[in-house]
Amino acid sequence: MTAIGIFLFFGALMASLAGITLVWRGTALDRMWTLNPRAHNELAPLGQPMGLLFLSLAVALALAGTGWPKRRRWGWQLAVVIIGTQVLGDVTNIFYGRIIQGVVGVTIAGALLFYVTRPYVRAIFAVKPKPIVHTDDP
């Protein structure tokens with residue numbers, strides 16, 4: 001459970017970095033794209049709008065990462081939506097001919113989605129009823 005919370009915050013950091021470098025070009029952070037030049041070549045022409053989407057994703061991941069360790073239902077729901085979206089993106093990669101990347105992504109994200117949707121994990125995030133307070137005031 002802790003690892004998933006860490007994963008969500010790590011994703012928020014990575015999405016922030018990508019968003020910042022796409023919105024504000026020419027910073028020292030641009031060098032990070034040497035790790036994935038193909039992604040940079042595909043995303044750079046989209047510029048600021050894509051950067052803002054990455055920054056929005058970073059906010060969503062940070063929110064999910066905040067709600068996850070506190071066992072908030074909304075944190076679990078947001079994590080499920082984010083991971084489910086990742087699975088769909090990986091399936092799309094397969095259809096675009098990025099077979100290995102897509103299959104690996106579907107396998108990893110699918111396994112993660114399978115885990116977080118198990119009944120025993122969902123139960124941890126179940127909404128607990130508020131206790132009834134009885135007062136004997138006349």
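The values are calculated or read from the model by the stated rules, or taken from the named source; none is laboratory data. Remember, it's a predicted structure, so these values are computed and weren't measured experimentally. Neighbour counts are summed over all protein chains in view; Cβ atoms, including those assigned to glycine, are modelled from backbone coordinates with ideal geometry.
Looking at (1) under 26 Å from M1 (Cβ atoms); (2) touching a residue at least 24 places away in the same chain (Cβ under 8 Å); (3) surrounded by 13 or more Cβ atoms within 10 Å (Cβ to Cβ); (4) not charged (D, E, K, R), can you tell me which one L22 breaks? For L22, the failing item is (1).
Only residues that are surrounded by 15 or more Cβ atoms within 10 Å (Cβ to Cβ), under 17 Å from the mean Cα position of the chain (by Cα) and without any contact (Cβ under 8 Å) to a residue 24 or more places away in the chain: list them for segment 87-100, please. Please lay out each step first, then the result.
Initially, segment 87-100 is screened for residues surrounded by 15 or more Cβ atoms within 10 Å (Cβ to Cβ), giving 87, 90-91, 93-94, 98.
Filter once more, keeping what is under 17 Å from the mean Cα position of the chain (by Cα): 87, 90-91.
Those that are surrounded by 15 or more Cβ atoms within 10 Å (Cβ to Cβ), under 17 Å from the mean Cα position of the chain (by Cα) and without any contact (Cβ under 8 Å) to a residue 24 or more places away in the chain: D90, V91.
What about R71, is it in a loop (DSSP other than H, G, I, E, B) and within 19 Å of I6 (Cα to Cα)? Yes.
Could you tell me whether segment 58-65 includes any residue that is more than 20 Å from R122 (Cα to Cα) and either buried (at least 18 other Cβ atoms within 10 Å of the Cβ) or modelled with pLDDT under 95 (or both)? Scanning segment 58-65 turns up at least one residue that is more than 20 Å from R122 (Cα to Cα) and either buried (at least 18 other Cβ atoms within 10 Å of the Cβ) or modelled with pLDDT under 95 (or both). Scanning segment 10-19 for residues that are crowded, with 18+ Cβ neighbours inside 10 Å and under 14 Å from I82 (Cβ atoms) returns G11, A12, A15. Among the residues examined, L46 does not qualify as part of a helix (DSSP H, G or I) and surrounded by 13 or more Cβ atoms within 10 Å (Cβ to Cβ).
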